[in-house]
Amino acid sequence: MANLYENSFYRRKISTRRGVWTTWTAPQTWSSWLIRPASDDVIAELSSCDCVSNVTDVTDTVSTGAFDPPSGQWSLLVQTPHQRWATFADHLTYNESLEPLREQFPGDVLTTGAIDDSGVFYVRLWTAGSQKLELVTDGMGWPMPPEDIDDDDEDEEDYRSIFEFVSDKHEPDWPHSFDRSEQAHQQLIIELDAYVPLFHFADNELCCSYEHRDAADMKNIDLVSLVEF
């Protein structure tokens, strides 16, 4: 069972945090993309991808607020000493330029997020171009909360467990070992040894959301790279 939850795990020492910053409490649709190299050199593996045109160290300019975003398609990649995953920090809610990495990156590609207007969250993982994991839910939780069930509707029973789940490491009914869908969300990220504080780039500043702001403090960051597509 998940042992870290979004209302408490950010209080832990940052080097030990594993999990996702939230499932449902974001004010808008959000997404996060992370990559983990097959070897120890995430920049070399990223540079080998056909969709990537250039990777440049911009740690100093980002830290001083002097970073000048290029024209065209780009994202920032943040590496920390606290996990092997490197995280893209975007100026967009969803950066379509990252999608080809699913097939081209030699290591692991992880994406997770939530769509607030349809009540969906998702977790997807690819390894060397092959999809290994997918969990997508409509946000109802499982089972459906009793207050939402219409006892007079015989078809209501069909809507208690709506989700898509494919995994090479779990049984098909694994999500139902949890009382709520957000617990399954947290546990998948924890099992992947990932910490997702929702890095993003806004107002010329590298940011993380809410109580996870310390993750964007430069003392907790090894390298920030500009990735152009």
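Looking at region 14-24, is at least one residue among the charged types (D, E, K, R) and more than 19 Å from Tyr210 (Cβ to Cβ)?
Checking region 14-24: not a single residue is among the charged types (D, E, K, R) and more than 19 Å from Tyr210 (Cβ to Cβ).
If you scan region 101-119, which residues turn out to be open to solvent by 50 Å² or more (accessible area, probe 1.4 Å) and within 15 Å of Ser48 (Cα to Cα)?
Arg102, Glu103, Gln104, Pro106, listed by residue number.
Determine, yes or no, whether Asp203 is open to solvent by 10 Å² or more (accessible area, probe 1.4 Å), out of contact with any strand residue (DSSP E or B) (no Cβ under 9 Å at 6 or more places or on another chain) and at positive phi.
So Asp203 fits the description; yes.
Quick check on my filter: what residues within region 47-84 are open to solvent by less than 20 Å² (accessible area, probe 1.4 Å) and either farther than 23 Å from Val196 by Cβ or in a strand (DSSP E or B) (or both)?
If the condition is that a residue be open to solvent by less than 20 Å² (accessible area, probe 1.4 Å) and either farther than 23 Å from Val196 by Cβ or in a strand (DSSP E or B) (or both), then Trp74, Ser75, Leu76, Leu77, Val78 are the ones that fit.
Could you tell me whether any residue of region 85-96 is in a helix (DSSP H, G or I), at pLDDT 95 or above and either touching a Ser or Thr at 6+ places or on another chain (Cβ under 8 Å) or open to solvent by less than 20 Å² (accessible area, probe 1.4 Å) (or both)?
no
What single numbered condition from (1) touching a Phe, Trp or Tyr at 6+ places or on another chain (Cβ under 8 Å); (2) modelled with pLDDT under 95; (3) among the charged types (D, E, K, R) fails to hold for Asp40?
(1)
Give me the strands (runs of 3 or more DSSP E) completely within region 111-215, filtered to those with at least 2 residues that are within 27 Å of Thr16 (Cα to Cα) and at pLDDT 95 or above, ordered by residue number.
Here the list reads 120-127, 130-137, 200-202, 205-207.
Would you say Ser32 is outside any strand (DSSP E or B), within 23 Å of Ser97 (Cβ to Cβ) and out of contact with any Lys or Arg (no Cβ under 6 Å at 6 or more places or on another chain)?
No: the conditions fail for Ser32.
Restricting to region 208-228, name every residue that is open to solvent by 40 Å² or more (accessible area, probe 1.4 Å) and in contact with a Pro (Cβ under 8 Å, 6 or more places away or on another chain).
Once the filter is applied, which keeps residues that are open to solvent by 40 Å² or more (accessible area, probe 1.4 Å) and in contact with a Pro (Cβ under 8 Å, 6 or more places away or on another chain), region 208-228 yields Asp222, Glu228.
Looking only at region 50-104, which residues are within 20 Å of Ser130 (Cα to Cα) and more than 18 Å from the chain's Cα centre (by Cα)?
Those that are within 20 Å of Ser130 (Cα to Cα) and more than 18 Å from the chain's Cα centre (by Cα): Asp50, Cys51, Val52, Gln104.
The values are calculated or read from the model by the stated rules, or taken from the named source; none is laboratory data. Here the structure is a predicted model, which is why all the values come from computation and not from measurement. Every residue, glycine among them, receives a Cβ derived from its backbone with ideal geometry; neighbour counts consider all protein chains shown. For accessibility, only protein heavy atoms count, side chains too; no ligands or nucleic acids. Shrake-Rupley method; radii C 1.70, N 1.55, O 1.52, S 1.80 Å.
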